[in-house]
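**Student:** This is the structure I want to talk about, given as structure tokens.
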């Protein structure tokens, strides 16, 4: 808690328009200004802070029984079960057309949160994200239902991504073919093996074209044949999309696909630069 | 569409440039990131659309709403032996229990002709509103993972819950009409007004579940309180007794208490349907007015109220 308040006061002391001071730990400053010949900016993240509210995160001292809850109410204390987690603490960078940016960092460093914020799915606590077009997260899992057949899930997933009935009809066979699940498409998804489920989910999610594409750990699924196919599709999508963000723990994938890497550490940018430099530093850490 | 190679070169060029610019303090007149974004016409990722364009977005997602609602109904009973039959059995069993309790044991049926039809009409109409509202209240808080992964007007979720209940109600209505015919009520031209009654009630349900969706999204305790609120509402709406008889004649309360109870939306929609199906006369004037007022008022207020917090769903 003390750390958090310190963090906030630290942030307030900074000037909003100066991104360079925000990341003091960065050994190498991030590109704050695009040089004229570079691609036009597609995503601008300006001093972004994301605070999550987490329920049910009581510590040992505040066990969640009824007597304690009553006591808290009598003492007029707030609800300790509701904790705020400061997941992103002042991140700024500019992404350009044609960039494929890998985001690396340990578990809990805020990678997925940052992607969701860029996608406009998590409201910023402070700062802002500016984008060209609608960034979309490659992921449709949350809309699918396990008890439904693959067929129905394909339709439901496509509609959830905002496709029209005509588009769904046009893409349907392609999705079934790409997933390679064959006649299992008529079975409920709860009967699928985990690999089959992952393949179908990726096939549905990648059926749509995107301006700014955000990929969160989607590549490490399925068998080798499917991995190759999905990497090819990612490359094709990258060619169509203006900018791609890729979160992965598999650093080989990042090195192969990305031209820039952002290293997040505890919600801040620790390093931002070309893959070789950042990945080398990351591996040393 | 730019080539990957040139993109790499761009990045390297940027890296070099940064290396030099970081040496000194900020150059004077350096533009902020917000100004840079404005110069290239970038928009904030989270910005609430205007009310008309929000309504338009919602309309574009109608296929999703419909498919989501149908899917929910399909999966609901998918692991039971009787399957979709439960859609009919659940309201019937409920009605049977209330008939036993109130009709036979407590004698609420005294003075009411055709008590079974009276009771079942009330049950089905009330259940529609109750389930839409309960579903709406948890539609945001229960679908956070979807809200945090996909873009769509959030109102699609509470709307889908109401559509899901409407689909259930249409099955219940078929049962209800069968029962009403069994109890020898005559078929009249008034039955043509049944869709109007359902439309008005659906408008009210959508509006109210939008309100409850926003409240439930930020006040999590609502879901614990909701069963009690709903039960109170059930008793206050005259589902299994005649409000006039019980409140004024039996309990001796003043007439205005009964009037207020009749004007509550659930009671008004129940009376509307009972007038059509059982009483066999056109809905009384105050019933019409109450039903139309609640439908329009709640829908407009609910939509506006829900929209006001559009960009904040998914955070809490």
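Where a number appears in this text, it was derived from the coordinates with a stated rule and is not lab data. A quick note: this is a predicted structure, and the numbers were derived from the prediction, not measured. Note that each Cβ is placed from the backbone with ideal geometry, even for glycine, and that neighbours are counted across all protein chains shown.
**Student:** Can you grab the distance from the C-alpha centre of region A:97-128 to the C-alpha centre of region A:261-276, Å, no decimals?
**Tutor:** Measuring centre to centre over Cα atoms gives 12 Å.
**Student:** Given region B:51-308, what whole percent of its Cα pairs are spread farther than 28 Å?
**Tutor:** Result: 36 percent of Cα pairs exceed 28 Å.
**Student:** Rounded to whole Å and sorted largest first, list the principal axis extents of the Cα atoms in region A:134-285.
**Tutor:** So the three principal-axis extents are 49, 30, 27 Å.
**Student:** So what's the angle, to the nearest 10 degrees on a 0 to 90 scale, between helix B:51-60 and the longest Cα principal axis of chain B?
**Tutor:** The two axes meet at around 80 degrees.
**Student:** With only alpha-carbon atoms in the gyration tensor, what are the semi-axes of the equivalent ellipsoid for region B:201-316, in Å, largest first?
**Tutor:** With the √(5λ) rule applied to region B:201-316, the semi-axes are 31, 18, 11 Å.
**Student:** Estimate the FRET efficiency between residue B:55 and residue B:292 by the formula 1/(1 + (r/R0)^6), using the beta-carbon distance for r and 30 Å for R0, to the nearest 0.05.
**Tutor:** Given R0 = 30 Å and the Cβ-Cβ separation, E is 0.90.
**Student:** In what order do B:291, A:258 fall by count of nearby beta-carbon atoms within 10 Å, going from fewest to most?
**Tutor:** Listing B:291, A:258 from fewest to most nearby Cβ atoms yields B:291, A:258.
**Student:** Between residue B:88 and residue B:244, what length comes free when the chain is fully extended (0.36 nm per residue of separation minus the Cα-Cα distance, one decimal in nm)?
**Tutor:** 53.1 nm
**Student:** Angle check, please: helix B:285-308 long axis (alpha carbons) against the longest principal axis of chain B (alpha carbons), in degrees 0 to 90, nearest 10.
**Tutor:** Result, in degrees: 20.
**Student:** For region A:193-207 and region B:245-283, write down the distance between their C-alpha centroids in whole Å.
**Tutor:** 54
**Student:** Evaluate Rg over Rh across region B:141-198, taking Cα atoms for both radii and Kirkwood's formula for Rh.
**Tutor:** 1.24
**Student:** Then there is this: Distances over 23 Å make up what percent of all Cα-Cα pairs in region A:68-187?
**Tutor:** Value for region A:68-187: 56 percent of Cα pairs lie more than 23 Å apart.
**Student:** Computed over the Cα atoms of region B:183-253, what is the convex hull's projected area averaged over all directions, in nm²?
**Tutor:** Mean projected area for region B:183-253: 7.6 nm², to one decimal.
**Student:** Report the label-to-label distance for residue A:169 and residue B:284 in nanometres (one decimal), using points 7 Å from each Cα along the Cα→Cβ vector.
**Tutor:** 5.2
**Student:** Using only Cα atoms and rounding to the nearest 10 degrees, what angle (0 to 90) does helix B:156-182 make with the longest principal axis of chain B?
**Tutor:** 20
**Student:** Across peptide B:146-156, how many C-beta atoms of other chains are within 10 Å of each residue C-beta, on average?
**Tutor:** Mean number of neighbouring Cβ atoms from other chains: 6.
**Student:** Which whole-number percent gives the relative contact order of region B:51-308, counting Cα pairs below 8 Å spaced six or more residues apart?
**Tutor:** 27
**Student:** Report the calculated FRET efficiency for residue A:211 and residue B:192 (r = Cβ-Cβ distance, R0 = 51 Å), to the nearest 0.05.
**Tutor:** Efficiency computed from Cβ-Cβ geometry: 0.55.
**Student:** For peptide A:267-276, what's the mean number of Cβ atoms from other chains within 10 Å of each residue's Cβ?
**Tutor:** Shielding by partners across A:267-276 averages 2.
**Student:** Then there's this: Given the DSSP H assignment, sum -39500 (n - 2.57) over each helix run of at least 4 residues in chain B and divide by its residue total; what's the result at 222 nm in deg cm²/dmol, nearest 500?
**Tutor:** So the helix-based figure for chain B works out to -21000 deg cm²/dmol.
**Student:** Okay, moving on. Let's test the formula: R0 of 30 Å, r as the Cβ-Cβ distance of residue A:276 and residue A:225. What FRET efficiency results, to the nearest 0.05?
**Tutor:** Efficiency at R0 = 30 Å is approximately 0.50.
**Student:** Any chance you could tell me what percent of the C-alpha pair distances in region B:142-242 go past 18 Å?
**Tutor:** Summing the P(r) tail past 18 Å for region B:142-242 gives 65 percent.
**Student:** Once label points are set 7 Å from the Cα along Cα→Cβ at both residue A:186 and residue B:79, what is their separation, rounded to one decimal in nm?
**Tutor:** 2.5
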